[in-house]
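J.: One structure follows; several queries about it will come next.
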Amino acid sequence: MRHLRTSSPPQTTSRLTLLTLLGALTACSMLGTSAAAVASPSAQGVQHAVVLDNSTNAGSAAGTSQPTSSNSSSGTSNGSSGSNGSQGSNGSTGAKIPKGLESFYHQKLTWTDCPDGATGTAFQCATVTVPLDYDHPQGKTITVALKKLPSTSPSPRGSVFLNPGGPGGSGISLINAQAGLYKTGGLSGVLANYDVIGFDPRGIGQSTPITCWSPDDVQAIMAGRAEAPSQLTPGSATDIVAKGSREAAACQKYTEVPEILDHMDTRSVARDMDVMRALVGDRDLNFFGYSYGTYLGAVYTELFPDNVGRVVLDSAMDPTLSRQEAFEGDAAAGEQILRTYIESQHGQAGFPLSGTTDEAVSRLATFLDGLDAKPLTVSDGGDPVDRAEATTAIRTLVVASPENWPLLTEGLTQAMSSHDGTTLMKNAESLSGGEESPGTEEQTVELLQSVYAFSANRCLDFPDTGNQASWDAALSSYRRDYPVFHPLLPQHDAYCHGWGHTSKTKPVDVDVDATNPVLVVGILHDPQTPYAWSKALVSRLRNSHLLSVDMYGHGATGPNSCTTAKVNDYFVKGALPSDGEVCAANPKPQAGEETPAGVAHPAGGERPSGFEAGCRSRSAAAQVAAPSEPGSPRHGKHPGSD
């Protein structure tokens with residue numbers, strides 16, 4: 001067993017999700033869904049865990065692997081309906097029903113077949129009615145769409161609900177993409193015991209949606225006449241406030257149920273999940289959330305601690321962070337990994353950033369600052385590369401594992417010696433693995449919806465805070481504190497002030513004892529939700545257990561065989577990791593070895609999701625307008641939403 005130091009390691013980072021791929025790193029990268037989920041690692045590639053010498057698990061017995069029971073896991077479906085999805089359930093679980101919500105908890109849930117040609121898997125679909133406003137449940141209602149991958153057991157023990165992150169990610173897209181992971185991959189044991197259900201949170205996808213665009217807007221983006229929206233907030237605080245106000249007005253104009261803009265908060269989504277839990281017949285909620293989905297799971301645990309079953313929170317958010325602190329934490333992680341990269345290159349022949357680390361960072365920032373006036377040329381006929389695009393490409397490369405850092409050095413050398421961005425952009429795009437950006441009308445709408453759903457949720461989760469002076473002061477400090485990546489850090493407090501739909505109450509204070517143990521997965525080198533955030537979540541969810549993963553990436557379940565096996569065992573057997581346990585990274589494939597079968601994307605394949613779903617740079621937007629042909633340099637694979 002290997003032991004690691006008790007202090008948190010430098011927060012190095014991994015490759016990003018769709019909106020950061022193609023050299024389009026955005027300000028919202030830290031809470032995206034995971035990298036491509038490898039569903040079925042080969043047996044010889046399975047990695048075993050080591051142990052950290054720091055005790056971070058809350059309320060666990062040191063050095064033991066503990067099974068845990070779940071009240072919903074009694075060996076019967078308890079109304080889950082199993083693979084016979086045409087049956088219905090009326091929520092008779094024995095769990096307490098909140099007063100005034102009886103009609104919602106007792107509605108009949110009917111599953112119907114919804115075959116999916118893309119995966120060849122016969123899913124089942126259903127729709128749940130929930131209150132628009134839980135404080136006034138007799139008022140308007142909205143619907144939440146569910147998509148189920150039925151258990152391979154005729155009598156499943158219950159259901160597991162999925163959330164891919166975001167906010168703005170589609171759980172329906174997630175279950176479409178991850179079907180192989182559950183059918184024949186590393187989580188096949190989960191499907192042998194549970195139905196697996198993806199749902200679109202309120203305001204998203206097939207649920208009652210927000211709409212902030214006209215059909216003409218969609219066509220203009222697809223034709224390249226307009227840029228796709230972004231969460232980036234260039235300009236002064238005044239400019240940012242105006243942007244938020246303008247975009248909220250568009251949502252108000254085009255959304256069929258405009259009142260939903262005041263009810264897309266995480267607290268309401270968690271309450272929707274409790275209704276869904278009851279309707280599938282489960283006494284306790286079994287849940288698997290990536291990235292922002294970990295915050296959703298934590299909020300559910302705070303609101304319904306007695307209804308917690310088996311819950312996995314992969315690549316966790318720190319629930320104590322404010323809206324803006326989360327962005328700043330991500331920016332700090334990016335700058336740290338950049339410094340680590342620079343230090344690793346000191347003394348290397350031809351490295352274009354000489355001097356001390358501080359001097360090298362300053363030189364790079366100065367070079368980038370000049371690109372808006374004089375963009376980098378691109379020899380393949382592409383658009384010139386400005387500051388934001390070059391910064392995006394640099395971060396895409398620097399947050400990859402160190403084995404890919406030579407690609408960054410190659411790109412920077414050409415850019416800084418010849419003012420040519422061809423190699424920098426090509427190398428950044430190569431890390432996407434061959435995935436093209438969305439080009440269909442459906443995919444473009446999903447992109448738009450994820451952008452605005454992100455804003456609606458994050459603005460509504462927190463009260464309005466700050467003023468023009470404080471926002472402008474923060475913007476000035478970002479140039480000093482994050483000299484390279486500050487253009488990718490939005491001033492979201494100013495934006496949300498303009499947006500106008502903010503919380504009238506404090507955020508949910510997650511500080512709770514869950515009745516059943518919660519499994520938190522934290523990646524030591526996660527660029528989007530730094531490892532320290534997973535430790536912070538464990539400290540707030542007493543009776544939770546931390547599994548650390550020594551890899552680069554965001555979202556360990558799937559890509560990491562050890563983690564996948566432990567998550568499978570937790571859902572199936574209730575087995576928990578030992579205190580301080582660490583899963584090792586998968587071994588690097590040798591030349592000629594094939595990628596393990598069953599690759600899936602937690603974020604829904606080629607579609608954007610994860611915290612950074614709302615963030616898209618101009619270069620990525622161009623890919624919406626003009627998707628590349630397979631095999632071209634811009635044809636990439638979404639690494640995953642985080």
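The values are calculated or read from the model by the stated rules, or taken from the named source; none is laboratory data. Being a predicted model, the structure only gives us computed values, none of them experimental. Cβ sites come from the backbone with ideal geometry, for glycine too, and all protein chains shown count toward neighbours. The protein model used for the area step is the full one, side chains on, heavy atoms only, and it has no ligands, DNA or RNA in it. Shrake-Rupley method; radii C 1.70, N 1.55, O 1.52, S 1.80 Å.
J.: What list of ³J(HN,Hα) values in whole Hz, one per residue of region 569-579 in order, does the Karplus curve 6.51 cos²θ - 1.76 cosθ + 1.60 (θ = phi - 60°) give from phi, with Gly and Pro shown as x?
T.: 5, 5, 5, 7, 10, x, 6, 10, x, 5, 4
J.: Show me, bin by bin at 5 Å from 0, the whole-percent P(r) of region 290-349 based on Cα pairs.
T.: Pairs per bin, as whole percents: 4, 16, 17, 16, 12, 10, 9, 6, 5, 3, 2, 1, 0.
J.: ³J(HN,Hα) across region 375-383 via Karplus (A = 6.51, B = -1.76, C = 1.60, θ = phi - 60°), whole Hz, x for Gly/Pro?
T.: Result, rounded to whole Hz: x, 5, 7, 10, 6, 8, x, x, 5.
J.: Out of the total accessible area of region 148-213 (probe 1.4 Å, heavy atoms of protein only), what percent is carbon and sulfur?
T.: Here carbon and sulfur together make up 49 percent of the probe-accessible area.
J.: Would you please put 310-323, 392-405 in order of how densely packed they are, using the mean number of other Cβ atoms within 10 angstrom per residue and starting with the highest?
T.: The most tightly packed comes first, giving 310-323, 392-405.
J.: Where does region 196-329 land on the Kirkwood hydrodynamic radius, alpha-carbon pairs, in angstrom?
T.: In region 196-329 this quantity evaluates to 17.4 Å.
J.: Sticking with this structure for a sec: Among 125-137, 188-200, 469-481, how do they line up from the highest to the lowest mean number of other beta-carbon atoms within 10 Å? List each step's numbers first, then the result.
T.: On the way: 125-137: 17.4, 188-200: 24.9, 469-481: 14.9.
Highest-to-lowest ranking by the protection proxy: 188-200, 125-137, 469-481.
J.: Compute the semi-axes of the equivalent ellipsoid of region 480-591, taking the square root of 5 times each eigenvalue of the Cα gyration tensor, and list them largest first in whole Å.
T.: After diagonalising the Cα gyration tensor, the semi-axes are 31, 23, 12 Å.
J.: Just list whichever of 108/148; 147/566; 140/243; 140/506; 96/148; 535/573 have alpha carbons separated by over 22 Å in the model shown.
T.: 147/566; 140/243; 140/506; 96/148; 535/573
J.: Straight-line reach only, C-alpha to C-alpha below 17 angstrom: list the aspartates and glutamates that residue 374 could link to, leaving out same-chain residues fewer than 8 apart.
T.: Result set, ordered by chain and number: 383, 386, 389, 420.
J.: Considering amide H positions built from the backbone, and no H for Pro or chain starts, which residues 5 or more places from residue 560, or on another chain, come under 5 Å of its amide H?
T.: 38
J.: Identify all aspartates and glutamates with a Cα-Cα distance to residue 253 below 14 Å; exclude those on the same chain that are fewer than 8 residues away in sequence.
T.: Result set, ordered by chain and number: 217.
J.: Right, next: Give the separation of the Cα centroids, region 326-353 to region 284-306, in Å.
T.: 34
J.: Divide the volume of the convex hull of the Cα atoms of region 390-478 by its number of residues and quote the answer in cubic angstrom per residue.
T.: Hull volume normalised by residue count: 172 Å³.
J.: Taking θ = phi - 60°, what integer Hz values does the Karplus form 6.51 cos²θ - 1.76 cosθ + 1.60 yield along region 408-414, in sequence order, with x for Gly and Pro?
T.: Those phi angles translate into 5, 4, 4, x, 5, 4, 5 Hz.
J.: Would you grab the residues whose amide H sits under 5 Å from the one on residue 196? Only those 5+ places off in sequence or on another chain, please, with H modelled 1.01 Å from N.
T.: 149, 151, 160
J.: Still on this structure: For residue 462, list long-range residues whose amide hydrogen, built 1.01 Å from N in the peptide plane, is under 5 Å from its own amide hydrogen.
T.: 503
J.: Can I ask one more? Cα-based Rg of region 274-401 per 2.2 N^0.38 Å, rounded to two decimals?
T.: Taking N as the residue count of region 274-401, the ratio is 1.59.
J.: For region 439-478, go through all pairs of different Cα atoms, get the mean of 1/r, take its inverse, and jot down that Kirkwood value in Å.
T.: Taking every pair of different Cα atoms in region 439-478, averaging 1/r and inverting gives 12.5 Å.
J.: Which order do peptides 352-359, 384-391 fall in by mean Cβ count within 10 Å, highest first?
T.: Working: 352-359: 13.6, 384-391: 22.6.
Descending mean neighbour count gives 384-391, 352-359.
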